[in-house]
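Taking it in order: structure first as structure tokens, then the write-up.
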Amino acid sequence: MTSGSINIAIGGEAGDGILSAGEILCKIFFESGAGLCTYKNFPSRIRGGHTSYSIRAAGGYCSSRSCETDILVAFDEETFDFHNGELKDSSIVIYDPAKVKNIKKPEGCSPTYYEIPFAELASKNFSKHLYKNTVMVGVIAAILNIEDAHIVKGLSALIKAKKGEDVLKINMSACELGMEHYRKIEGAKRLAMPSGKIDAADSLMITGNEAVTLGAIAGGCRFIAAYPISPATEIFEMMCSELPKAGGTAMQAEDEIAAICAAIGAGFAGARSMTSTSGPGLSLMAEAIGLAGCAEVPVVIVDAQRPGPSTGLPTKTEQGDLYHAIFCSHGDIPRIVIAAADVGECFEFAANAFNLAEIYQCPVILLTEQVIAQNKFAAPKFDYSNIEINRGRLLSEAELNKPGYKFLRYEFASDGVSPRAIPSQAGGVHLCNGNEHLESGRITEDPELRRKITDKRMKKIEAAASSKYLPAPKFYGDDAARYGVIVMGSNTGAAVEAIDIISAKTGRRDFKIMQTRSLMPFCVEAAAEFISKREKVFVVENNYSAQLCGLVKMHIPAHGKLVSVLKYDGMSFAAAEIADRLMTEVR
Amino acid sequence: MLTTNELTYGKSTWCPGCGHYAVLNAIQRAVIELGLKKEETVCVSGIGCSSKLPEYLDVYGFHTMHGRSLPHAQGVKLANPELTVINVGGDGDGFAIGCGHFVHAARRNVDITYILMNNQIYSLTKGQTSPTSDRGFITKTSPEGAEEAPVNTLLMALTAGATFVGCGFSSEVTGLGSLIASAVKHKGFSFINVMSPCVTFNKLNTYDSYKKQSYKFEETTGYDPQSYEKAIEAALGYFERKPLGLLFKTETSVFKEVHMSEHPIAPAMQDISDPKKHSNLMERYLRH
Ligand SMILES: Cc1ncc(C[n+]2csc(CCOP(=O)(O)OP(=O)(O)O)c2C)c(N)n1
Ligand code: SF4
């Protein structure tokens with residue numbers, strides 16, 4: 001749990017170097033032992049437009065943004081429009097007079113303002129205004145009294161490797177200049193870093209996309225085909241450089257249809273294979289997901305969700321692809337849909353997705369969201385020893401050729417999971433088929449066999465429901481709680497903090513949370529029990545149409561108890577926001 | 001050595017006289033000629049009468065979805081380059097819904113063979129106009145005659161960068177068999193346009209009409225399959241005179257060739273049993 005946090009927001013024009021300054025600060029905080037998460041708010045274009053980088057440094061691991069800002073850095077006037085609502089009396093605002101002529105003050109609170117000419121200081125001392133961001137880093141380090149050793153480590157970790165010793169030296173001096181400048185201001189306010197610490201030696205700082213990539217490679221993925229799309233692109237980019245080193249292959253497809261089809265081809269050929277995309281790509285993949293379901297080919301699809309419909313908001317966040325992930329493609333197919341809440345789950349679920357895909361021989365969709373995919377989080381180190389590789393009923397050549405054994409690719413197995421062979425294996429020659437087929441795989445239109453093979457395929461979902469590789473729901477809070485909160489994905493962390501905020505305010509622990517981690521198959525029994533024990537259950541999610549709530553209703557006849565708490569403005573929920581909404585609901 | 005019989009699965013449902021029989025037979029001949037093993041050969045198809053071919057061929061097969069066979073076939077080959085991958089399908093499948101994939105498969109140059117069974121009509125859906133239908137061709141969906149210019153598949157293959165381009169005819173099974181064999185042997189993306197008449201729905205483009213229109217390209221003076229210009233010229237004339245045989249062949253780098261030489265074990269054959277082997281990837285995210 002977090003013990004207090006310091007929130008920093010840096011705002012300016014896109015291309016101002018704000019993102020790299022933010023990264024340096026993250027690294028410094030991480031080195032100093034703070035738990036942290038970032039919240040980048042940037043437009044979908046390369047230059048221009050207001051950008052902001054928020055960092056929450058906490059006394060423990062944290063996974064949701066704050067809606068308060070303790071230190072606001074304004075490189076432009078627009079910053080005030082975006083962040084004034086987050087300020088409070090204790091906040092410090094520092095701004096560069098070069099671009100900020102008029103200070104728009106917030107209503108209802110009076111923060112402390114310091115004018116600091118970052119750009120001027122930088123160009124005077126280092127002949128480049130480029131270093132204004134490092135001067136700013138120094139100012140923040142001075143406000144927070146951060147130890148020099150951590151600053152040096154943080155700076156060198158990012159700069160030395162990329163730009164060399166000389167550039168590092170200039171950056172160090174720029175940082176010192178910022179610190180000195182602030183210290184010279186008479187009576188300048190200081191803020192304290194949160195007292196708690198994470199075990200930094202046992203932690204990492206990583207984005208969800210990076211965590212997915214690590215999980216996929218550890219989980220045995222050896223083929224990816226994808227088409228670039230925000231906010232999933234980084235998975236494919238990193239796979240392109242890392243997968244070949246692990247003996248795998250990456251192919252940039254001409255579109256998402258080709259991407260998933262190539263992945264399905266590779267899955268049929270025996271490689272653990274995947275594609276990564278976002279909503280528009282998932283829409284294009286619908287027909288092929290049906291093929292993988294019908295032909296029973298293992299394939300993993302990672303959907304880093306962004307707000308739709310259509311192109312929507314490419315750089316913002318939402319949970320609006322749930323229905324599409326669960327229902328897309330015509331006809332009835334077995335599929336598995338899981339949703340990760342944080343970077344730890346991104347890693348673990350990505351690895352296990354390949355077990356699920358191979359064991360149940362079906363498409364597996366892993367849902368993440370822009371807010372987890374592209375932001376950085378401090379988290380416990382990933383546990384590689386926890387990952388198992390289970391290839392299900394993939395037969396060996398010896399098994400295929402056992403005397404008396406007749407291999408039937410789509411054999412009517414009792415749990416629906418038929419034996420599988422891959423090209424190159426003697427004795428396993430078969431036809432993989434998206435047309436309705438016999439146990440052999442050859443095409444059929446026989447009504448009785450059609451019914452039987454549909455039953456066989458769909459039975460796999462029942463089997464998957466009790467798989468140890470399928471993430472079971474997680475619960476937070478007291479069992480005696482009157483109210484329930486159902487969440488998925490990134491809202492988990494915010495909801496957990498929200499119930500702490502509520503109990504701090506009310507002195508009662510009235511809420512228990514259920515995080516649904518597998519959406520298909522859905523954890524019906526656990527959810528039914530959870531709901532039955534509560535007076536009211538709030539389903540908190542980021543979309544307009546209350547998709548998670550709809551899913552619960554589809555399975556459980558307790559509709560009167562369900563209340564939706566929705567947000568679809570492209571931003572993620574902050575804990576305080578959820579707390580407010582819940583308290584208003586139960587008032 | 002395998003026989004045609006051993007390479008045949010079940011009984012086909014094609015109409016008697018359908019051009020597609022000859023393509024099946026020619027593929028079987030090529031497999032036999034090359035001494036390929038059943039388990040090392042994969043036949044991938046889309047949807048259409050033509051795409052039913054893998055149903056009747058007893059090697060590993062994948063009957064995928066309409067228009068998307070090429071991406072699947074490339075995925076199979078990239079996952080396991082040891083396999084011989086033959087992709088088959090019709091003109092609707094490959095040049096209407098799947099046309100985008102064709103261009104990219106050609107320029108990507110994955111080492112697979114694509115055999116287009118071109119009957120200039122949609123047959124499985126019972127007779128609509130196709131992107132290769134001749135202008136003026138009357139079908140159920142072109143009652144006034146097809147208005148669009150037909151796709152010149154050979155020309156498109158050449159301009160998109162296919163490294164092996166040939167043309168065959170269902171009446172010439174022997175020639176087609178050896179053309180397919182050389183296409184399979186070729187390193188890179190090989191494309192063969194086969195005139196494969198639909199005797200049920202296309203009464204315009206028939207065995208007879210194709211016979212009258214076609215000529216052996218190898219027998220033309222100065223035949224040189226290395227010459228791109230000559231191949232382009234022959235392809236340009238395709239709608240009037242159909243050049244049979246190998247039009248063009250060149251060797252350039254095959255997709256992922258360098259990677260494959262550095263990693264002789266195919267992605268599909270990698271030992272993935274030890275996830276810990278990859279924990280070094282986590283290091284860059286740890287504390288300095
Ligand atoms: C997405 C999709 N759209 C349409 C169809 C219907 N369809 C099946 S085969 C076909 C065309 C077949 O023509 P062609 O590919 O030329 O093969 P042929 O039957 O002539 O051998 C069509 C339109 C389909 N199966 N899938
Ligand atoms: S309809 Fe035409 S293409 Fe289809 S099987 Fe009959 S002859 Fe062949």
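The values are calculated or read from the model by the stated rules, or taken from the named source; none is laboratory data. Values in this document were obtained by computation on a predicted structure and should not be read as measured data. Ideal geometry is used to build each Cβ from the backbone, glycine not excepted, and the neighbour counts take in all protein chains shown.
Report whether or not B:C167 is within 18 Å of B:G94 (Cα to Cα) and within 16 Å of ligand 2 (Cβ to nearest atom). Please lay out each step first, then the result.
Details: within 18 Å of B:G94 (Cα to Cα): yes; within 16 Å of ligand 2 (Cβ to nearest atom): no.
Answer is no for this residue.
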Task: Count of residues meeting criterion [touching a Leu at 6+ places or on another chain (Cβ under 9 Å) and either part of a helix (DSSP H, G or I) or facing chain B (nearest Cβ under 9 Å) (or both)] in the range A:175-199 - done: 4
Task: Candidate set from the range B:263-287 (those that are in contact (Cβ under 8 Å) with a residue 60 or more places away in the chain and of a type in the set (G, A, S)); member that is farthest from the other protein chains (Cβ to nearest Cβ) - done: B:A266
- [ ] Being surrounded by fewer than 24 Cβ atoms within 10 Å (Cβ to Cβ) and away from ligand 1 (no atom under 16 Å from the Cβ) is the filter here, so list the residues in the range B:84-105 that pass it.
- [x] B:T84, B:V103, B:H104
- [ ] State whether the residues of the range A:82-96 include one that is surrounded by fewer than 16 Cβ atoms within 10 Å (Cβ to Cβ) and touching a His at 6+ places or on another chain (Cβ under 9 Å).
- [x] no
- [ ] Read through the list (1) without any contact (Cβ under 8 Å) to a residue 60 or more places away in the chain; (2) in contact with a Lys or Arg (Cβ under 8 Å, 6 or more places away or on another chain), then give the number of the only condition that A:Y360 fails.
- [x] (1)
Open item on the list: Residues that are among the hydrophobic types (A, V, I, L, M, F, W, C), at least 3 per element: which strands (runs of 3 or more DSSP E) completely within the range A:488-587 meet that?
Closed with: A:511-515, A:536-541, A:562-566
- [ ] Taking B:E144 as the residue in question, decide whether it is farther than 30 Å from A:G428 by Cβ, among the charged types (D, E, K, R), surrounded by fewer than 22 Cβ atoms within 10 Å (Cβ to Cβ) and more than 16 Å from ligand 2 (Cβ to nearest atom).
- [x] yes
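Out of the range A:143-158, which residues are under 27 Å from A:K184 (Cα atoms) and either within 10 Å of chain B (Cβ to nearest Cβ) or in a helix (DSSP H, G or I) (or both)? Reasoning before the result, please.
Residues of the range A:143-158 under 27 Å from A:K184 (Cα atoms): A:143-156.
If the condition is that a residue be under 27 Å from A:K184 (Cα atoms) and either within 10 Å of chain B (Cβ to nearest Cβ) or in a helix (DSSP H, G or I) (or both), then A:I143, A:D148, A:A149, A:H150, A:I151, A:V152, A:K153, A:G154, A:L155, A:S156 are the ones that fit.
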TODO: Please give the number of the condition A:E68 fails out of (1) closer than 21 Å to A:G4 by Cα; (2) among the acidic types (D, E); (3) not in a loop (DSSP other than H, G, I, E, B).
DONE: (3)
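Which of the residues that make up the range B:35-49 are away from ligand 1 (no atom under 16 Å from the Cβ) and more than 7 Å from chain A (Cβ to nearest Cβ)? Quick ask: steps written out before the conclusion?
Initially, the range B:35-49 is screened for residues away from ligand 1 (no atom under 16 Å from the Cβ), giving B:35-42.
Listed by number, the residues that qualify are B:G35, B:L36, B:K37, B:T41.
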TODO: Please list, ordered by first then second residue, the pairs with beta carbon atoms under 7 Å, 6 or more apart or interchain, first in the range B:111-132 and within 14 Å of another protein chain (Cβ to nearest Cβ) and of a type outside the set (K, R), second within 11 Å of ligand 2 (Cβ to nearest atom) and part of a loop (DSSP other than H, G, I, E, B).
DONE: B:L124/B:G48; B:L124/B:C49
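Quick check on this structure: which one of A:G290, A:G247 is surrounded by fewer than 24 Cβ atoms within 10 Å (Cβ to Cβ) and at the interface with chain B (Cβ under 7 Å from one of its Cβ atoms)?
Details: A:G290 fails: at the interface with chain B (Cβ under 7 Å from one of its Cβ atoms).
Within the list A:G290, A:G247, the selection yields A:G247.
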TODO: With respect to B:L116, determine if the residue is away from ligand 1 (no atom under 16 Å from the Cβ), in contact with a helix residue (DSSP H, G or I) (Cβ under 7 Å, 6 or more places away or on another chain) and not basic (K, R).
DONE: no
Open item on the list: If I go through the range B:50-69 residue by residue, how many of them are of a type outside the set (S, T, N, Q), away from ligand 2 (no atom under 15 Å from the Cβ), more than 7 Å from every other protein chain (Cβ to nearest Cβ) and in contact with a strand residue (DSSP E or B) (Cβ under 6 Å, 6 or more places away or on another chain)?
Closed with: 1
- [ ] Give me a count of the residues in the range B:19-49 that are within 14 Å of the chain's Cα centre (by Cα), within 15 Å of ligand 2 (Cβ to nearest atom) and of a type in the set (A, V, I, L, M).
- [x] 3
Open item on the list: When you check A:S54 against the structure, is it among the polar types (S, T, N, Q), free of Cβ contacts under 8 Å to residues at least 60 places away in the same chain and over 24 Å from A:T317 (Cα atoms), yes or no?
Closed with: no
Task: Test: residue in the range A:342-352 that is at pLDDT 95 or above, more than 13 Å from chain B (Cβ to nearest Cβ) and buried (at least 24 other Cβ atoms within 10 Å of the Cβ) - done: yes
Open item on the list: Would you confirm, using the coordinates I've provided, whether A:A426 is within 14 Å of chain B (Cβ to nearest Cβ) and in contact with a helix residue (DSSP H, G or I) (Cβ under 8 Å, 6 or more places away or on another chain)?
Closed with: yes
Open item on the list: For B:M260, only one of the following conditions fails: (1) buried (at least 21 other Cβ atoms within 10 Å of the Cβ); (2) within 14 Å of chain A (Cβ to nearest Cβ). What is its number?
Closed with: (1)
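Considering only the range A:200-215, how many residues are in a helix (DSSP H, G or I), within 10 Å of chain B (Cβ to nearest Cβ) and within 17 Å of A:T368 (Cα to Cα)?
Within the range A:200-215, the first condition is being in a helix (DSSP H, G or I), and the residues that meet it are A:200-202, A:208-215.
With the extra rule that they be within 10 Å of chain B (Cβ to nearest Cβ), the set shrinks to A:200-202, A:210-211, A:213-215.
Among the residues that remain, those that are also within 17 Å of A:T368 (Cα to Cα) are: A:210-211, A:213-215.
Count: 5.
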- [ ] Would you be able to tell me the number of residues in the range B:76-94 that are in a helix (DSSP H, G or I) and either at the interface with chain A (Cβ under 10 Å from one of its Cβ atoms) or touching a residue at least 60 places away in the same chain (Cβ under 8 Å) (or both)?
- [x] 5
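To keep it simple, each residue is scored yes or no on (1) surrounded by 24 or more Cβ atoms within 10 Å (Cβ to Cβ); (2) at pLDDT 95 or above.
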site: A:E176; (1), (2): no, yes
site: A:L191; (1), (2): no, yes
site: A:D199; (1), (2): no, no
site: A:V212; (1), (2): yes, yes
site: A:I217; (1), (2): yes, yes
site: A:C221; (1), (2): yes, yes
site: A:A232; (1), (2): yes, yes
site: A:F236; (1), (2): yes, yes
site: A:C240; (1), (2): no, yes
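Could you tell me whether the range B:56-66 includes any residue that is assigned by TED's automatic domain parsing to the domain that holds B:V103 and free of Cβ contacts under 8 Å to residues at least 12 places away in the same chain?
Applying the first criterion (assigned by TED's automatic domain parsing to the domain that holds B:V103) to the range B:56-66 yields B:56-66.
Narrowing further to those that are free of Cβ contacts under 8 Å to residues at least 12 places away in the same chain: none.
No, the conditions are met nowhere in the range B:56-66.
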Task: Qualifying positions in the range B:190-201 - near ligand 2 (Cβ under 7 Å from one of its atoms) and either under 17 Å from B:S214 (Cβ atoms) or surrounded by 24 or more Cβ atoms within 10 Å (Cβ to Cβ) (or both) - done: B:C198
